[in-house]
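Readers should treat all values here as calculations from the given coordinates under stated rules, not as data from a laboratory. Everything quoted here is computed from the prediction, not taken from an experiment. Glycine also receives a Cβ, built like all others from the backbone with ideal geometry; neighbour counts cover every protein chain displayed.
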Amino acid sequence: MSAPSAPPTLSRSLTLRSVVLFGLAYMTPIIVLGTFGVVADSTHGAVPTAYLLALVAMLFTAHSYGKMAATHPVAGSAYTYVRRSIDSRVGFLVGWATLLDYFFLPMVIWLIGGAYLQAEYPSVPFWVWIIAFIVVTTALNIRGIKTAERVNDLLMVFQVLVVAIFALLCLHHVFQHQGAAGLVSAAPFANHATGLAGISAGAAIAAYSFLGFDAVTTLTEETVEPQRTIPRAILLTALIGGGIFVVVAYTTQLAHPGYAFTDSSSAAFEIAKAVGGDLFSSVFLAGLVVAQFASGIAAQASTSRLLYAMGRDSVLPKKVFGSIHPKYHTPAFNILLAGAVGLIALHLNVATSTSFINFGAFTAFTFVNLSVIATYVRERRAGRRPAVWSYVLLPAVGAVVDVWLLCHLDDRARTLGLIWLALGVCYLAWLTRGFRKAPPEMTFDEDADPAPASATAATAATVTAATVTDRVAGTESPGTRTR
């Protein structure tokens, strides 16, 4: 009789290069153009400076994510890091804060796509595009479609080509009108209308483009030498992605100085038509809308799967959020709820809705930085002496910058975020019987699902077609995105 075979395990085959490429794909390069107009409006025509400030903030935070990934070499998240380093109740509230951007992420994606489609087809009411996005993506997610990874690769190649051609056409446009001297200028970084408050507000919006640099932590269990590779990959992803955003923002701002647009929500489409004519503007629109549509499918599915995981673990009412459709084997109620929340896009603009997402992001980023400092304190108590500059100074700067950017978000976003946190405190008090017991721990174990939801379509922002997301999960399957 042959001995029973060992259960299959994940293969550690990913190198630094592979992990960095995953992170860059998740950041979606074209998004810098999707939000260019609203950042330009906030900064009064200094978009590259906003991205530079956001990059600095992200590098400090990326350093902290790297430290925590090395300390806890599992597919982790801000929730996990804070829970293990600071306190389970604080960790719960950080997870609760990230729920806010989960709810608003699909809405922002659909809002950006709708704004650009309306710019091309102004006779069609804006609400038609939003409803169309919601209905189609909701129907597809309920049915549980799966798109091959090859399709996603093609979408990424198309997207990168569109961004590269856009930047080159901007430079060609400037060269034609100003000559070679016009290609080097400080004007895109600062002008007479630029101020610190405007740059800070713009950076708070620009940070939306960076969401995903932390996604590489989800590949920990499939990476060679993860305690060394993952921290480096996090920093490289943030640095390279930020470099791309700054360069594209610079070339675009050169081609269109200032911040006067017919509609700031679709400014890049206006610039694309100016530098490349009708043909390229159509190609650009196709690239942006395809990316937004595909990303919307995954974002909505990710939100519904997070709610399902929380319902299954009784963090949310199990009968409602932990249910699975008997025919399609998907969390249908959660998908419909995410679609219903998306209807709020009919009453918001891109800048405000993006700020809603960044409230949860900056909250998580701040507490990841504080988790590193808490780890330093614990290490000192255990008799070890970690480097002060690495475990205290850099994380402290990162936390301060994150809080500063958080304070420069849209007023309505801050108000909603604080109300959401207050609701989280009340819910936690009820869940823990007046904080007398530890909150339930959120887990994400594919093998434990009695009827797992089907994977969603591949997107321009992801590498695998079967990605499902759980940013606040304590235990995650590799390939899921966390913050």
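Values for this structure:
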| read-out | value |
| --- | --- |
| R0 of 25 Å, Cβ-Cβ distance L168-E120: FRET efficiency to nearest 0.05 | 0.70 |
| Partners for K327 among lysines (Cα-Cα distance below 20 Å; same-chain residues under 8 apart left out) | K146, K318, K319 |
| Counted charge near L33, where neighbours are those whose Cβ lies closer than 15 Å (Asp, Glu -1; Lys, Arg +1) | -3 |
| Shape call, the range 304-452: gyration tensor on alpha carbons, a/c limit 1.5 | oblate |
| Under the Karplus curve 6.51 cos²θ - 1.76 cosθ + 1.60, θ = phi - 60°, whole-Hz ³J(HN,Hα) for the range 197-209, x wherever Gly or Pro sits | 4, x, 5, 5, 5, x, 5, 5, 7, 4, 4, 4, 5 |
| Whole-Hz couplings from phi, Karplus 6.51/-1.76/1.60, listed for the range 158-167; x for Gly and Pro | 4, 4, 5, 4, 4, 5, 5, 5, 4, 5 |
| Rounded, prolate or oblate (a/c below 1.5 giving rounded, otherwise prolate when a/b exceeds b/c) for the range 83-205 by Cα gyration tensor | oblate |
| Hz values of 3J(HN,Hα) by residue in the range 406-417 - Karplus curve (6.51, -1.76, 1.60), Gly and Pro given as x | 4, 6, 9, 6, 3, 4, 5, 5, 5, 4, 4, x |
| Linear extension gain, S314 paired with T15, 0.36 nm per residue minus alpha-carbon span | 103.9 nm |
| Whole-number percent relative contact order across the range 339-411, with pairs defined as alpha carbons under 8 Å at least 6 apart | 43 percent |
| Nonlocal amide H pairs with D87, under 5 Å, H built at 1.01 Å | none |
| Computed E for A181/C426 - FRET, C-beta separation, R0 45 angstrom, nearest 0.05 | 0.15 |
| For the range 223-350: rounded, prolate or oblate by the Cα gyration tensor [a/c cutoff 1.5] | oblate |
| Relative contact order (%) - criterion: Cα under 8 Å, at least six apart; region: the range 161-252 | 36 percent |
| Percent RCO, i.e. relative contact order, over the range 254-358, from Cα pairs under 8 Å lying at least 6 residues apart | 17 percent |
